[in-house]
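Have a look at the structure below, then the notes.
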Amino acid sequence: ARAVHAFDEAVAQAALDDLVASAGIEAAITDGILPALHRIGVDWESGEVTIGHEHFATQLVRRRLSSYSLTWGVGTGPVAVLGCPPGELHDITLLCFGVLLGRRGWRIRYLGADTPVSEIARAARATGASAVIVAATRDQVFAQAQVALGELAATYSTYLAGRGVDADLLTRTGAQSLPADLRAAAEQITETVAALC
């Protein structure tokens with residue numbers, strides 16, 4: 001936290017190095033990185049840190065995680081398309097989920113934040129995706145894309161994730177949900193697809 005407050009790149013990178021070395025990348029993500037980013041978000045909402053601090057921390061993590069995405073295009077595992085619907089700018093948790101899926105042999109096609117659902121569907125069609133994961137932090141974002149998400153879920157195995165998901169949304173779209181715990185979610189989707197093969 002002090003490194004983020006001071007915008008100290010070297011100290012923050014060293015802390016990430018120590019965390020990954022001691023816990024492994026999966027535990028580092030679920031038990032260290034995401035809780036820390038959540039705390040920074042809460043601190044931003046309360047005015048204890050600025051948007052600059054939040055962006056600094058997020059981009060630091062994004063750069064670190066990008067090294068784990070270098071193998072996303074290789075192998076013979078199933079393809080997962082990951083994206084956030086229009087209006088959703090927060091995609092770091094989805095990026096973390098991509099890392100966990102990639103470590104389980106998935107080939108990831110990562111579209112990131114603020115992506116039209118029609119483009120998510122286009123990527124799923126082009127890649128023969130076994131799963132499509134769409135994530136958002138606000139229910140309003142999902143509500144605005146509800147019709148397109150229903151069309152997506154009618155064609156592809158579609159999972160909705162994030163704080164914006166509720167039971168009504170899943171019923172209206174026909175999509176599936178994933179556990180909030182990223183490791184459990186990665187295991188669930190991997191086991192589901194393996195059972196269908």
Q. To the nearest 10 degrees, how steep is helix 146-155 against the longest Cα principal axis of the chain, on a 0 to 90 scale?
A. 60 degrees
Q: Evaluate the charge dipole of the chain about its Cα centre and quote only its size in Debye, nearest 20, assuming +1 on the Cβ of each Lys and Arg and -1 on the Cβ of each Asp and Glu.
A: 660 debye
Q. Tell me, what is the percent relative contact order of the chain, built from C-alpha pairs under 8 Å that lie six or more residues apart?
A. 17 percent
Q: Kindly list the residues of region 63-91 that lie in the label zone of I51, defined by a backbone N under 18 Å from the point 7 Å along the Cα-to-C-beta vector.
A: 87-91
(Q) Expected output is a single nm value to one decimal: the length gained when fully extending between D139 and D8, i.e. 0.36 nm times separation in residues minus the C-alpha distance. What is it? (A) 43.7 nm
Q: Take each of the peptides 40-52, 24-36, 94-106, 3-15, average the number of other beta-carbon atoms within 10 Å over its residues, and list them starting from the highest.
A: 94-106, 24-36, 3-15, 40-52
Q. Size of the chain along its principal axes in angstrom, Cα-based, largest extent first?
A. 48, 36, 24
Q) Which of I133, A10, A180 sits farthest toward the positive end of the charge dipole of the chain, with +1 on the Cβ of Lys and Arg and -1 on the Cβ of Asp and Glu? A) I133
Q) Which angle between 0 and 90 degrees, to the nearest 10, do you get for helix 92-102 versus the longest principal axis of the chain when only C-alpha atoms count? A) 70 degrees
Q) Accessible area, 1.4 Å probe, largest first: how do Y68, Y159 sort? A) Y68, Y159
Q) Quick one: length gained pulling L70 to A1 fully straight, 0.36 nm per residue minus the C-alpha distance? A) 22.0 nm
Q. Cα-Cα pairs above 13 Å in region 39-105: how many percent?
A. 69 percent
Q | Among L70, L89, L149: highest mean-square fluctuation, GNM of the chain, C-alpha pairs under 10 Å | A | L70
Q: Please give the net charge around V81, taking every other residue with its beta carbon less than 14 angstrom from that of V81, where Lys and Arg add +1 and Asp and Glu add -1.
A: +2
Q | Value of [θ]222 nm, deg cm²/dmol, for the chain, DSSP H segments ≥ 4, -39500 (n - 2.57) each, nearest 500 | A | -16500 deg cm²/dmol
Q | Choice from Q146, Q176, Q59 showing the highest fluctuation, given a GNM over the chain with Cα pairs closer than 10 Å | A | Q59
Q. Quick one: length gained pulling S22 to V42 fully straight, 0.36 nm per residue minus the C-alpha distance?
A. 4.6 nm
Q | For region 116-125, 3J(HN,Hα) per residue [Karplus equation, 6.51 cos²θ - 1.76 cosθ + 1.60, θ = phi - 60°, Hz, x = Gly/Pro] | A | x, 4, 4, 6, 4, 5, 4, 5, 4, 5
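The values are calculated or read from the model by the stated rules, or taken from the named source; none is laboratory data. If you're wondering where the values come from, they're calculated on a predicted model, not measured in any experiment. So basically every Cβ, Gly included, is an ideal-geometry build from the backbone, and we count neighbours across all protein chains shown. Just so you know, the surface numbers come from the protein's heavy atoms only, side chains and all, with ligands and any DNA or RNA stripped out. Shrake-Rupley method; radii C 1.70, N 1.55, O 1.52, S 1.80 Å.
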